[in-house]
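One structure is given below, encoded as structure tokens.
The values are calculated or read from the model by the stated rules, or taken from the named source; none is laboratory data. Here the structure is a predicted model, which means the values were calculated and not measured. Glycine gets a Cβ as well: all are built from the backbone with ideal geometry, and neighbour counts include every protein chain shown.
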Amino acid sequence: MKRRDWNTFLQYLKNHKPPLTLARCSGAHVIEFLKYLDQFGKTKVHNQGCNYFGHPNPPAPCACPLKQAWGSLDALIGRLRAAYEENGGRPESNPFGARAVRIYLREVREGQAKARGIPYEKKKRKRPPVPAAPPAEGGGGDGASGSGAAAVAGERSGSGGGGAGPS
Ligand SMILES: [Zn+2]
């Protein structure tokens, strides 16, 4: 897997116009490579103007482009980064570890999360339920706790239904 990815990248450099060598390869070139890979992607990423923007499972096809999923790109960069050093590249000049690449990946992740309505959050970070804050504690607060209490009251109002099972 890693070797194949590495060869793909070397091939990309070889076909690059103007020609590019590994030694002259920067983070910007790596980003260019990732964008080039988008044409082979299989993940629908909706444009902001699309009706299905933010829908993880749209009911009908649309004209938005297919791209590489963020997770694939992130994993690919990890493999190429390792391959670069296994092939004699120095860690401090590793273009796959460049700051620009990290920023690009983060933008892709956030963009795809918005476009597809998928929150890209770690599942592990389960938030413990927030206990109802006792208003007396701390002493110093004036009216600051009022809005929080109102929000809780609003959420409570929905309970009590729940007879409709899946048929
Ligand atoms: Zn769309």
field: Residue that is farthest from the chain's Cα centre (by Cα) [pool: residues in the stretch 61-76 that are surrounded by 14 or more Cβ atoms within 10 Å (Cβ to Cβ) and closer than 21 Å to N7 by Cβ]
entry: L76
query: Do any helices (runs of 4 or more DSSP H) lying entirely in the stretch 1-100 carry at least 2 residues that are more than 16 Å from the ligand (Cβ to nearest atom), touching a helix residue (DSSP H, G or I) at 6+ places or on another chain (Cβ under 9 Å) and of a type in the set (V, I, T), and which ones are they?
result: 27-37
query: Is it true that R79 is farther than 14 Å from L37 by Cα and either without any contact (Cβ under 8 Å) to a residue 60 or more places away in the chain or surrounded by fewer than 12 Cβ atoms within 10 Å (Cβ to Cβ) (or both)?
result: no
task: Would you mind finding the one in Y84, Y104, Y120 that is modelled with pLDDT of 65 or more, aromatic (F, W, Y) and over 19 Å from Y36 (Cα atoms)?
output: Y84
